[in-house]
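Reviewing the structure listed below.
The values are calculated or read from the model by the stated rules, or taken from the named source; none is laboratory data. In this text, all values refer to a predicted model and were calculated from it rather than measured experimentally. Quick reminder, even Gly has a Cβ in these numbers, built from the backbone with ideal geometry, and neighbours come from all protein chains shown. Keep in mind that these areas ignore ligands, DNA and RNA; they rest on the heavy atoms of the full protein, side chains included. Shrake-Rupley method; radii C 1.70, N 1.55, O 1.52, S 1.80 Å.
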Amino acid sequence: MVILVTLLIKPVIGNAEPELYVSAEHAVLLDAHSGRVLYEKDGYSSSLIASTTKIMTALLAIESGKMDEEVVVSERAIRAEGSSIYLTEGEKIPLRDLVYGLMLRSGNDSAVAIAEHVGGSLEGFVHLMNEKASWLGMNASNFENPHGLDGENHVSSAYDLALLMAYSMKNETFREVTGSEIYKSENRTYSWQNKNKLLTMLYENTTGGKTGFTKAAGRTLVSSAEKDGMELIAVTLNAPSDWDDHERMYEWGFEHYETYQIQEEGYVGVNGKNYYLPSDIHIPMTEDEKSRLQAVFEQNSEGLDYAGKRLFHLDDELVAETFVLTERPTQPFVTSGLSFLRRMMGVEMWST
């Protein structure tokens, strides 16, 4: 049997008390590649999230494989309260256009139309949302609708939303949608402009994101930004100054952290024996952290089909680990557990 071998990264916090002011009640800054949390402020508590909900709605629509299908808009969709792209009952419109209207203009009518088409019903789609959240390891999240209007138990956390955004940005179609400043549907005589001012006006390194607001939730914002090969995800919930918060978080992150390669794929000699390291490992660190990083080889004593593990520690914190093989595999990797697969993809928290 060949086991799946890859990088496993535990989402530890970078600096415990960084000199960084954030107005938000809840905030997280996360490295999109490794999943390392560089900054957090009560980032794991459940909270109202408003229209940042629509990241999950868009992701499920894209992953459904139905983007080119035609959606017939229902009465329930056009009666959705709040922000709208002004759909009409019986209108036929491509699902792709609805996803752009959802992400750029935050259309609640679009969210309901997407949910009914992809999930068979709004309620069926909400079930899919919660299944996906569970699979992604969004342990502080519960969805009650596809648009984010306040519900008694429609909640997530800054960390969960960062996980969701990091995962979603691995999808090229999602990246294209969330990174678009403008889009025109053939069903409209005018174009939709993106409401994300970080992307369109304020911060040139922005690659995507989603805004949100309700009176109860306050201002909510999820965004992504890339500089010098490092892509970061920023999330703020109930943030009076969310645009400024995100700019400060990004500038702080890009200034204090650099992505270092801490392992190169290939053979390495240990105690007179040759072992195979199956993947390159890159992780953001400060200059001081780089000097304190230690790698330890832990030999396998359980009779399994690998030689051991290589563990990377910053002081007492485990920040990354990878399996070590006796030789380079000649077959495709397989895995024996869903939990392992989630962790491998960076969508489940590793506990010590």
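Not counting ligands, DNA or RNA, and with a 1.4 Å probe, what is HIS256's accessible surface area in Å² rounded to the nearest 10?
The accessible area of HIS256 comes to roughly 80 Å².
Grab the Cα-Cα distance for LEU293 and LYS197, subtract it from 0.36 nm times how many residues apart they are, and report the gain in nm with one decimal.
30.7 nm
Under 19 Å Cα-Cα from LYS197, which lysines qualify once same-chain neighbours fewer than 8 residues away are excluded?
LYS54, LYS184, LYS210, LYS227
Using DSSP to define loop residues, name the GluC sites (Glu not before Pro) in segment 91-197 whose beta-carbon has at most 11 other beta-carbon atoms within 10 Å.
GLU152, GLU186
Tell me the relative contact order for the chain as a rounded percent, counting alpha carbon contacts under 8 Å between residues six or more apart.
Across the chain, relative contact order equals 22 percent.
Report the trypsin sites (Lys or Arg not before Pro) located in segment 177-273 that are in a DSSP loop and have at most 15 other Cβ atoms inside 10 Å of their Cβ, or state none.
LYS184, ARG188, LYS215
Please give the per residue accessible area of segment 104-254, computed with a probe of 1.4 Å over protein heavy atoms only, in Å².
Per-residue value: 38 Å².
Kindly express, to the nearest 10 degrees and within the range 0 to 90, the angle between helix 158-168's C-alpha long axis and the longest C-alpha principal axis of the chain.
Once rounded, one gets 90 degrees.
Please identify the chymotrypsin sites (Phe, Trp or Tyr not before Pro) of segment 148-223 that satisfy two criteria: DSSP loop assignment and at most 16 other Cβ atoms within 10 Å. Which are they?
Listed in order of number, the matching sites are TYR190.
Taking 0.36 nm per residue of sequence separation and subtracting the Cα-Cα distance, how much length would be gained by fully extending the chain between GLU91 and SER64, in nm to one decimal?
Going from the current span to full extension adds 7.6 nm.
Could you state the angle between the C-alpha long axis of helix 54-63 and the longest principal axis of the C-alpha atoms of the chain, as a value from 0 to 90 degrees rounded to the nearest 10?
Taking Cα atoms only, the helix is inclined about 80 degrees.
Could you tell me how far the Cα centroid of segment 179-242 sits from the Cα centroid of segment 107-176, in Å?
17 Å
Quick one: if the Förster radius is 35 Å, what FRET efficiency do GLU204 and GLU123 give, using the C-beta to C-beta distance and rounding to 0.05?
The value I calculate is 0.25.
So how tilted is helix 95-105 from the main axis of the chain? Cα-based, degrees 0 to 90, rounded to 10.
Roughly 90 degrees between the two axes.
Accessible area of ARG328, 1.4 Å probe, to the nearest 10 Å²?
Surface open to solvent at ARG328 totals about 140 Å².
Return the long-range amide H neighbours of ILE262 (sequence gap of 5 or more, or a different chain), with a cut-off of under 5 Å between placed amide H atoms.
ILE281, HIS282, ILE283
For HIS33, list long-range residues whose amide hydrogen, built 1.01 Å from N in the peptide plane, is under 5 Å from its own amide hydrogen.
GLU231
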